[in-house]
Structures are given as structure tokens and as C-alpha cells.
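**Q** Can you keep this structure in mind? I'll have questions shortly.
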Amino acid sequence: MKTKVEEYFEREHLPYKVLYMDQSTATVPLAAAALGVEPDRIAKSLTFRLKGRDIMILACGTARIDNRKFKDAFGCKAKMMTPEEALALTGYAVGGVCPFDLPGNIAVYLDESLRRFETVFPAAGASNACVEMAPGEIARLTGAQWIDVAKAEEPEKQE
């Protein structure tokens, strides 16, 4: 049986293949380990509820949302959706939330942290599925705008 993302790729005549792992790819560390890539190359999907609209931001796996940059960009504080809200909005459960074949009422953004990679791995609708794709191609397919709202993860300090 084909997944929603596979059906979308087929319907749109896109050459992408959903990669299914034997283990979970539901978190950045799990996905990076399963794929054998650095965590930065995992394109994590973050869903936010703003005043009057909902958005998804894809950022590199180790980036964190910078509250000041987010407020400057959207005029409000970042409020992440609950897992239940994300599922209801996107049709994908947390761990498989992705920017593909979304309802028209969600705006997609790609954080600048993804630009440095030739390809990244966003989820593909299931907690063990992803797809390898160029960030620019994700933007083209989803109509996403580029935005700078993340900051790099700081290395842990050694005691």
C-alpha cells in the first residue's frame, strides 16, 4: 500500500523515492543514525500556531528557533503546536510530519540553516520514512519561502 507522500510524488510525476528504514526516524538523532548522516542534514518540520494562521518551518536538525528572529519575522512569540494539533492540521503524526501534500491552510517556510547542504532528509509521512532532496527543490514543491529564524545549536560546555 502506498503512503500519502508516495501517492503525492506519483500524482505530481516527481522522481523522488520514499526511503523506509527498519528503525524509527522519528527524531533527529534516530534519523541521522538510521541514514548514516550528520544530524544537521535532517530537515526537521516544526509546526506553529500564530494569530490567525498556522505555519511549518523546516530547519536543519540541530538548529533551534531563535525567539527574537521569530518575533521579528512573524510579529508574535513562537508557539509550537501540540502533537494532536500537528496531526489534525497536517494529517501526519509527529515523527513523520513533512511539508508534502499539505492542506492549503498552512504556509511552509525553509530556514536559511538548510541552504548550506546539497541535499537534506525531511520526513515522508511516517515515523520510519524520509526522502533525500535538495532544499531548493523542497521550496519549489511546497511553495515555501526562505526565512532566517533559527540559531545553530551551541556545543555543550565541558565541566
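**Q** Write down the percent of antiparallel bridges among all DSSP beta bridges whose residues are both part of the chain, to the nearest 5.
**A** On the way: 15 of 25 bridges.
About 60 percent, rounded to the nearest 5.
**Q** Turning to a different aspect of this structure: Among the listed pairs 4/51; 79/151; 17/151; 2/51, give every one whose C-alpha distance is greater than 27 Å.
**A** Numbers: 4/51 29 Å; 79/151 17 Å; 17/151 30 Å; 2/51 35 Å.
As for pairs spanning more than 27 Å Cα to Cα, those are 4/51; 17/151; 2/51.
**Q** May I ask you to give the solvent-accessible area per residue for the range 1-153, in square angstrom, as obtained with a 1.4 angstrom probe?
**A** Working: 7710 Å² over 153 residues.
Solvent-accessible surface per residue comes out at 50 Å².
**Q** Right, here's the next one. Classify the range 75-143 as rounded, prolate or oblate from the Cα gyration tensor: take a ≥ b ≥ c as the square roots of its eigenvalues, call it rounded if a/c is under 1.5, otherwise prolate when a/b beats b/c and oblate if not. Provide the component values of the computation, followed by the final result.
**A** Values: a/c = 1.72, a/b = 1.25, b/c = 1.38.
Oblate shape, in that a/c is at least 1.5 and b/c is the bigger or equal ratio.
**Q** From the Cα gyration tensor of the range 26-106, with a ≥ b ≥ c the square roots of its eigenvalues, which class applies: rounded if a/c is under 1.5, or else prolate if a/b is larger than b/c, or else oblate? Each step should come with its number before you reach the end.
**A** Numbers: a/c = 2.38, a/b = 1.34, b/c = 1.78.
It comes out oblate by the Cα gyration axes.
**Q** With the cut-off at 1.5 for a/c, could you classify the range 1-65 from its C-alpha gyration tensor as rounded, prolate or oblate? Spell out each step's value before the answer.
**A** Working: a/c = 2.21, a/b = 1.09, b/c = 2.02.
Oblate, because a/c is 1.5 or more while a/b does not exceed b/c.
**Q** List the trypsin sites (Lys or Arg not before Pro) within the range 1-102 that fall in a DSSP loop (any state other than H, G, I, E or B) and whose Cβ has at most 16 other Cβ atoms within 10 Å.
**A** Working: sites: 2, 4, 11, 17, 41, 44, 49, 51, 53, 64, 68, 69, 71, 77, 79; in loops: 2, 17, 51, 77, 79.
In loop regions of the range 1-102 (DSSP not H, G, I, E or B), the sparsely surrounded trypsin sites (Lys or Arg not before Pro) are 2, 17, 51, 77, 79.
**Q** While we're looking at this one, here's another question. Would you list which aspartates and glutamates come within 14 Å of residue 44, measuring only between C-alpha atoms, while excluding same-chain residues fewer than 8 positions from it?
**A** 111, 112, 132, 153
**Q** Counting just the Cα atoms, what span does the range 14-159 cover along each of its three principal axes? Round to the nearest Å and put the largest first.
**A** 46, 40, 28
**Q** Then there is this: Over the range 1-145, with every protein chain in place, what whole percent of the accessible area is carbon and sulfur at 1.4 Å, could you tell me?
**A** Details: 3730 of 7260 Å².
Of all accessible area on the range 1-145, carbon and sulfur atoms account for 51 percent.
The values are calculated or read from the model by the stated rules, or taken from the named source; none is laboratory data. The structure displayed is predicted, hence computed values, not measured ones. All Cβ positions, glycine included, derive from the backbone under ideal geometry; neighbour counts span all protein chains shown. Accessible surface areas use protein heavy atoms only, side chains included; no ligands, DNA or RNA. Shrake-Rupley method; radii C 1.70, N 1.55, O 1.52, S 1.80 Å.
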